[in-house]
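Chemist: Let me begin by handing over the structure; questions about it come next.
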Amino acid sequence: MEKLLVFNSGSGSGFQELVENSRTGILQAKIIGLVTNNKNNGCLQRAEKLLGIETMVMKGYDILDYDWVLNCFQAEDAWISLSGWLKLTKGLNPQKTINIHPGPLPHFGGPGMYGHHVHETVIQAYKEGKIQNSEVCMHFVTEEYDKGPVFFRYPVLIRPDDDADSLGARVNKIEHAWQSFVTNLVVTGQIRWDGKNTKSLVVPDFMKCFL
């Protein structure tokens with residue numbers, strides 16, 4: 001079975017979905033650990049309740065030595081899921097590292113564009129008549145913020161009475177519903193790229209409606 005290491009900076013709700021779906025077989029990968037940046041993050045409490053999940057708390061993770069982290073988890077050949085991880089990563093294998101983003105890429109990505117900040121910016125763009133919907137996006141990770149090839153887009157219609165909170169809640173539901181399924185397509189090789197050329201991206205025909 002493939003191995004998956006999860007990086008999370010927040011409550012860990014998406015992390016929990018990944019773990020539970022790995023145990024039901026929806027995600028055909030073993031979650032070998034959780035890396036977070038704050039001992040007070042809710043994801044640690046979730047990991048404790050889920051049992052059997054090793055955890056690591058990093059300090060000063062802006063300059064994190066990812067090779068050292070992978071060695072600690074014996075995860076040199078593992079897939080990496082950035083599920084609510086807020087900082088730029090460098091040195092991870094771009095062929096085996098993926099991220100989920102709560103807004104349309106590339107226009108609503110980059111430094112500072114995470115979580116509630118994304119939803120606030122999306123709502124403002126909607127009010128200005130620039131967009132009609134938000135998106136849940138999944139993409140491979142490079143050493144530039146949110147610039148790796150996107151392999152999944154799920155549009156989320158913005159309602160006239162939406163604010164950042166209500167939109168964020170619906171986006172979060174879509175993230176939970178799809179993250180494990182799409183991650184499974186990645187770890188089983190059905191979605192892939194060569195780590196260098198975006199034109200090398202391969203997506204199954206039945207998923208091309210999400211591009």
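Chemist: Under a GNM of the chain (C-alpha, springs under 10 Å), which listed residue has the highest mean-square fluctuation: 183, 121, 24?
Modeler: Of 183, 121, 24, the most mobile in the Gaussian network model is 24.
Chemist: Of 49/96; 90/196; 3/208; 87/173; 3/147, which sit over 20 Å apart, Cα to Cα? Walk me through the intermediate numbers first.
Modeler: Working: 49/96 28 Å; 90/196 15 Å; 3/208 26 Å; 87/173 23 Å; 3/147 24 Å.
Exceeds cut-off: 49/96; 3/208; 87/173; 3/147.
Chemist: Which FRET efficiency value, to the nearest 0.05, do you get for residue 59 and residue 205 by plugging their Cβ-Cβ distance into 1/(1 + (r/R0)^6) with R0 = 30 Å?
Modeler: 0.10
Chemist: Take every Cα pair under 8 Å in the stretch 57-211 that's 6+ residues apart, average their separations, divide by the length, and report that relative contact order as a whole percent.
Modeler: The value is 20 percent.
Chemist: Something else: In the P(r) worked out for the chain, what percent of Cα pairs fall beyond 33 Å? Before the final figure, lay out each step's value.
Modeler: Working: 2282 of 22155 pairs.
Here the tail beyond 33 Å accounts for 10 percent of pairs.
Chemist: Okay, moving on. What value in Å³ per residue do you get for the convex hull of the alpha-carbon atoms in the stretch 140-208?
Modeler: Working: hull volume 8.0 nm³, N = 69.
Cα-based convex hull of the stretch 140-208, divided per residue, equals 116 Å³.
Chemist: Here is a further query. How much net charge surrounds residue 116 when only the other residues with a Cβ under 15 Å from the Cβ of residue 116 are counted, with Lys and Arg +1 and Asp and Glu -1? Each step should come with its number before you reach the end.
Modeler: Details: positive: 170; negative: 120, 162, 163, 165, 175.
Neighbour charge sum, excluding residue 116 itself: -4.
Every read-out reported here was derived from the displayed coordinates using simple, explicitly stated rules and does not represent laboratory data. Being a predicted model, the structure only gives us computed values, none of them experimental. Don't worry about glycine lacking a Cβ; one is built from the backbone with ideal geometry, like all the others, and counts go over all protein chains shown.
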